[in-house]
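A short write-up of the structure that comes next.
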Amino acid sequence: MGLDINVLIADWSWLGEVPPRERLLRLRQAWYADETGLWDYDTPVVEGDWEWPRGPNSTSFAVYEFRHTRGSFKAHFWAGERWESIRDHADPLVRAGLDTFLLGLVWGGLDGEAEHVDPGFFCDDPAVTYGVLLARSPDSVRELAATWEEARPRLDGLRGAFDEHAAVPGGWVGDFDELTDLLGDWGRVLSEAARRGWGLVGLSE
């Protein structure tokens, strides 16, 4: 089935009050709890919107449903690949902004080595942090949200370069509107987390 990704934002006063080694367990237990209502499969999921849990942790975290991804990480991976195809054709300011934005979230960079987990967010034991694809502190979230707000108005200037160098009809993120939808969803996630002073986590389950 391939790699999946579930994107959550979490109240840092709730998640950060326990030691790094216990944070992922706290988040997963709250998310998996039956009383959240998030696992009621007869409840329709609205893409491009938040799922807020019910129960005792109703104000502690939320899950975002990305558009056009079906929960797969492939869309996010291919967004990075499409960016690589057009970044040399982008205005330097746009290139710098989207480099920072995507490197902070899902893109491995030109060398494929970018890290997407802030030191100290979780512990360093891979047996404990299995499945973590992304973990950004409230400070990092605020910086990425600000980067997005600077880059967002300039995105449409990339349409011609995308159509010429990156379009793959029928492929993952194969047209420009799919790319901007995905980036816009990440922007919405970051903006909400930044507004609340929360952290950001991406998990593969």
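The values are calculated or read from the model by the stated rules, or taken from the named source; none is laboratory data. Since we're looking at a predicted model, the values are computed, not measured. Don't worry about glycine lacking a Cβ; one is built from the backbone with ideal geometry, like all the others, and counts go over all protein chains shown. Each accessible area value is taken on the protein alone, full model and side chains, heavy atoms only, with ligands, DNA and RNA left out. Shrake-Rupley method; radii C 1.70, N 1.55, O 1.52, S 1.80 Å.
Would you check which residues across region 19-31 are under 20 Å from residue 138 (Cα atoms) and open to solvent by 20 Å² or more (accessible area, probe 1.4 Å) and list them? Full working, then the answer.
Here is the first cut: in region 19-31, the ones under 20 Å from residue 138 (Cα atoms) are 19-28, 30-31.
Listed by number, the residues that qualify are 19, 20, 21, 22, 23, 25, 26.
Among the residues of region 56-70, just one is open to solvent by 40 Å² or more (accessible area, probe 1.4 Å) and of a type in the set (Gly, Ala, Ser), namely 58. The requirement of being within 28 Å of residue 139 (Cα to Cα), surrounded by fewer than 19 Cβ atoms within 10 Å (Cβ to Cβ) and of a type outside the set (Lys, Arg) is not satisfied by residue 34. On the basis of being free of Cβ contacts under 8 Å to residues at least 60 places away in the same chain and either open to solvent by less than 40 Å² (accessible area, probe 1.4 Å) or over 26 Å from residue 166 (Cα atoms) (or both), does residue 125 make the cut? In short, no. The numbered conditions (1) on the phi < 0 side of the Ramachandran plot; (2) at pLDDT 95 or above are all true for residue 173 except (1).
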